[in-house]
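One structure below.
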Amino acid sequence: MLKIAALEKLVHELSHLPGIGPKTAQRLAYYILKSPAEYSQHLTEALQRVQSEVHTCPECFNYTDAVICKYCEDPHRQSDVICVVEEPMDISRIEASGAFRGRFHVLHGAISPLEGVGPQQLKIKELLAKVNKGVAGDGPAIREVIMALDADLEGDTTVLYLTKQLQDKSVRISRIAHGIPIGSDIDYVDDRTMGRALENRVEL
């Protein structure tokens, strides 16, 4: 690449984005550079607006540009069931199913000691405070906490930690089922997924 400081800085910053490697970052930088000046202005404006207008909801820690997010302000949702997710983007996937009408709580990550992410870096104490308020009668009584976390090592570790923290709170603790996707061929299912499917089997 050309030894241009400003261009190298742009490539460096773009390469920090998830899923963007050095070569992709370089292609994106050249695309921005050769685009009309209006594009760069619009991109800059969009970045500035999202920084100034979007914040985390004080109730569930989803992203919103209002005082609280639309899920927390909806009076028709169940307040006694909380679905715990890793990231705000996970909420839209659950909502798309149409099968959940409770409240959400976003952890903003999962426990990962190798990456230096512990319980203190996540929104775990806020979840426990919410449950404790219900137990004490200072807030909605929580009947069930659903763990909708990824089926990987970090997700499993986080679920185990949360289960230990909640086990004496008189709430039901559950986790979304993991197993064979609908419409898939059993011949192509890996061993771990098959194991999860057998563990989460349902009675007919």
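Structure notes:
- Under the simplified labelling scheme, the residue 198-residue 182 pair shows an inter-label distance of 2.5 nm, with each label point 7 Å from Cα along Cα→Cβ.
- Distance histogram in 10 Å bins (all Cα pairs of the chain, percent per bin): 7, 25, 28, 22, 14, 4, 0
- Cross-link partners of residue 133 among lysines, defined as those whose alpha carbon lies under 21 angstrom from its own and excluding same-chain residues fewer than eight positions apart: 123, 125, 164, 169.
- Among 33, 122, 43: highest mean-square fluctuation, GNM of the chain, C-alpha pairs under 10 Å: 33
- Sorting 87, 53 from the fewest to the most surrounding beta carbons within 10 angstrom yields 53, 87.
- Among the GluC sites (Glu not before Pro) in segment 127-204, those located in a DSSP loop and surrounded by at most 12 other Cβ atoms within 10 Å of their own Cβ are 203.
- Helix 22-34 axis, angle to the chain major axis (alpha carbon atoms, nearest 10°): 50 degrees
- Database note for the chain: Cys without another Cys beta carbon under 4.7 angstrom, 60, 72, 83.
- Kirkwood-type hydrodynamic radius, segment 56-175: 14.5 Å, calculated from all non-identical alpha-carbon pairs.
- Candidate aspartates and glutamates for bridging to residue 130, where Cα separation is under 18 Å - those fewer than 8 sequence places away on the same chain excluded: 59, 73, 74, 80, 86, 138, 144, 168
- In segment 50-142, the trypsin sites (Lys or Arg not before Pro) that fall in loop regions by DSSP, at most 15 other Cβ within 10 Å: 77, 101
- Set of lysines with alpha-carbon distance to residue 9 below 26 Å, sequence-local pairs under 8 removed: 23, 34
- Per-residue Cβ neighbour rank within 10 angstrom, fewest leading, 182, 4: 182, 4
Any read-out appearing in this document is the output of simple, stated calculations on the displayed coordinates, not a laboratory observation. These numbers were taken from a predicted model, which means no experiment stands behind them. Neighbour counts run over all protein chains shown; Cβ positions are idealised from the backbone, glycine included.
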